[in-house]
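Notes follow once the structure below has been shown.
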Amino acid sequence: METAAILAKRLDVKKSRIIPTEHLEATGYADQLINEINEKYGDAEEIALVGHEPYLSNLVSVLLTGDANISMTLKKGSVCKLSVDTLQYGRCANLDWLLSPAQLIHIGENA
């Protein structure tokens, strides 16, 4: 929640738009998270998910390849952007970009 609040502040998004879900917790299930997003926010054009490792890397792996066990680790503070036409559990996304913490700091310093 702390990281989501920081992101919301930097993106000038109201804190009331931060919606916690148990499905993003380390013990959550990606398929249930995807179902919740589709049921409650299916008409949203953009959604930012904030969470921890290894959950997020596994989620990104599933969405990009269909396999949660692909060797991928997002470093703490990394950000990636995925494009999805139809969100589903399995291969449904394209990776638009991935930025490391060092790259984000560099961008912030030059903004």
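Provide a single number: the residues in the range 31-65 that are under 21 Å from Arg17 (Cβ atoms), outside any helix (DSSP H, G or I) and either touching a His at 6+ places or on another chain (Cβ under 6 Å) or not β-branched (Val, Ile, Thr) (or both).
Just the residues of the range 31-65 that are under 21 Å from Arg17 (Cβ atoms), to begin with: 33-52, 56, 59.
Still in the list and also outside any helix (DSSP H, G or I): 42-52.
From what's left, either touching a His at 6+ places or on another chain (Cβ under 6 Å) or not β-branched (Val, Ile, Thr) (or both): 42-46, 48-49, 51-52.
Going through the range 31-65 one residue at a time, the tally reaches 9.
Of everything in the range 1-30 that's of a type in the set (Ser, Thr, Tyr) and part of a loop (DSSP other than H, G, I, E, B), which residue is surrounded by the fewest Cβ atoms within 10 Å (Cβ to Cβ)? Break it down stepwise before answering.
Here is the first cut: in the range 1-30, the ones of a type in the set (Ser, Thr, Tyr) are 3, 16, 21, 27, 29.
Remaining after also requiring part of a loop (DSSP other than H, G, I, E, B): 21, 27, 29.
Values: Thr21: 14, Thr27: 7, Tyr29: 13.
Across the range 1-30, the extreme among qualifying residues is Thr27.
State which residue is farthest from Ile34 (Cα to Cα) when the search covers only the range 82-97 and only residues that are of a type in the set (S, T, N, Q) and assigned to a strand (DSSP E or B). Working first, answer last.
Going residue by residue through the range 82-97, those that are of a type in the set (S, T, N, Q) are 83, 86, 88, 94.
Cutting the leftovers down to assigned to a strand (DSSP E or B) gives us 83, 94.
On the way: Ser83: 14, Asn94: 16 Å.
Among residues in the range 82-97 that are of a type in the set (S, T, N, Q) and assigned to a strand (DSSP E or B), the one farthest from Ile34 (Cα to Cα) is Asn94.
Report yes if Arg91 is surrounded by fewer than 12 Cβ atoms within 10 Å (Cβ to Cβ) and not aliphatic (A, V, I, L, M), otherwise no.
Details: surrounded by fewer than 12 Cβ atoms within 10 Å (Cβ to Cβ): no; not aliphatic (A, V, I, L, M): yes.
No: the conditions fail for Arg91.
For residues that are among the polar types (S, T, N, Q) and surrounded by 17 or more Cβ atoms within 10 Å (Cβ to Cβ), scanning just the range 36-81, find the one that is nearest to Leu104 (Cα to Cα). Steps first, please.
Restricting attention to the range 36-81, the residues satisfying the condition of being among the polar types (S, T, N, Q) are 38, 57-58, 61, 65, 69, 71, 73, 78.
Next cut, surrounded by 17 or more Cβ atoms within 10 Å (Cβ to Cβ) only: 57-58, 61, 78.
Details: Ser57: 18, Asn58: 22, Ser61: 22, Ser78: 8 Å.
Top of the filtered list is Ser78.
Looking only at the range 84-96, decide whether some residue is modelled with pLDDT of 90 or more, in contact with a Ser or Thr (Cβ under 7 Å, 6 or more places away or on another chain) and of a type in the set (Lys, Arg). Break it down stepwise before answering.
Of the residues in the range 84-96, the ones modelled with pLDDT of 90 or more are 84-96.
Still in the running and in contact with a Ser or Thr (Cβ under 7 Å, 6 or more places away or on another chain): 91-94, 96.
So of that shortlist, the ones also of a type in the set (Lys, Arg) come out as 91.
Yes, that holds for at least one residue.
The values are calculated or read from the model by the stated rules, or taken from the named source; none is laboratory data. The model shown is predicted, which means the values in this text are computed figures rather than measured ones. Reconstructed Cβ throughout: ideal geometry from the backbone, glycine too, with neighbour counts over all protein chains shown.
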